[in-house]
Amino acid sequence: MKELREIRNSNILLDANILIHYAAEGFAERSGNILRILHQNKNLLTVSHITAFELLNCDPKDRRREKYLKFVNGVRNHPVNQAIFQNAAVLSNECKRLARSYNRIFPIPDLILGATILFYPNDTVYLLTTDRNDFFDPLWELVAHQQILKEENEAVEADLYLLTLNREVLLPQYRKAEIRH
């Protein structure tokens, strides 16, 4: 497994939880400015429109809103279209199948993020998230990891996970995102 700072020349889709942490006081410094390092390593940092919605759907007086808006407007955005919604439905069923729990509900924004990655069958698009509950093995494989400690002690504030979608565990008809268009 690699360290996040070793990742170069890749496409990285950011989950909302990354930007929520990053907007917290001192988090960027405690993380070693990992988003800046990833950008300097010629990685393309992107967000989904669903992530932008999650971030900007906060109290208009929230002091972080300006940071979110600046970041969302400063990076490439992936639109959410009909094909991504269709892929999200497929991914929902595949998540339930792989988790062996058809009663489990996966968050729609997370399914849309996964479906956005599924939308690009010939490109490797990684997901940077703090969530391993909804982005679980074997569907999501760990590429890199970084632990961020709280400033006042050695307690863990967040775990950053760089994940790749393991298309091989999907049912064959979904591996190439054939419902894409």
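The table that follows gives values for the structure above.
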{"quantity": "Size of the chain as Cα extents on the principal axes (Å, biggest first)", "calculated": "47, 37, 35"}
{"quantity": "Cross-link partners of LYS61 among lysines (Cα-Cα below 17 Å; sequence separation of 8 or more within a chain)", "calculated": "LYS70"}
{"quantity": "Cβ-Cβ FRET estimate between ARG64 and PHE85, R0 fixed at 30 Å, reported to 0.05", "calculated": "0.60"}
{"quantity": "Loop-located GluC sites (Glu not before Pro) in the range 1-80, at most 11 other Cβ atoms within 10 Å (DSSP)", "calculated": "GLU25"}
{"quantity": "The range 68-142, accessible surface, carbon-and-sulfur percent (1.4 angstrom probe)", "calculated": "50 percent"}
{"quantity": "Nonlocal amide H pairs with LEU44, under 5 Å, H built at 1.01 Å", "calculated": "SER10, ASN11, ILE12"}
{"quantity": "Computed lengthening from GLU168 to LEU142, 0.36 nm per intervening residue step minus Cα-Cα distance", "calculated": "7.9 nm"}
{"quantity": "For a label point 7 Å along the Cα-to-beta-carbon line of ARG132, residues of the range 159-175 with backbone N under 14 Å", "calculated": "159-164"}
{"quantity": "Debye log10 I(q)/I(0) at q = 0.11, 0.15, 0.18, 0.21 Å⁻¹ for the range 35-131, Cα point scatterers", "calculated": "-0.39, -0.70, -0.95, -1.15"}
{"quantity": "Qualifying chymotrypsin sites (Phe, Trp or Tyr not before Pro) in the range 88-176, DSSP loop, other Cβ atoms within 10 Å at most 16", "calculated": "TYR102, PHE136"}
{"quantity": "Long-range HN-HN contacts of VAL80 with modeled amide H, under 5 Å", "calculated": "HIS49"}
{"quantity": "Viscosity 1.306 mPa s, temperature 10 °C, Stokes-Einstein D of the range 53-101 from Kirkwood C-alpha radius, µm²/s", "calculated": "118 µm²/s"}
{"quantity": "For the range 85-181: accessible area per residue (Å², 1.4 Å)", "calculated": "51 Å²"}
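The values are calculated or read from the model by the stated rules, or taken from the named source; none is laboratory data. Worth saying up front: this structure is predicted, and the values here are computed from it rather than measured. Cβ: placed from backbone, ideal geometry, glycine included. Neighbour counts: every protein chain shown. Note: accessible area is taken over every heavy atom of the protein model, side chains too, but ligands, DNA and RNA are not part of it. Shrake-Rupley method; radii C 1.70, N 1.55, O 1.52, S 1.80 Å.
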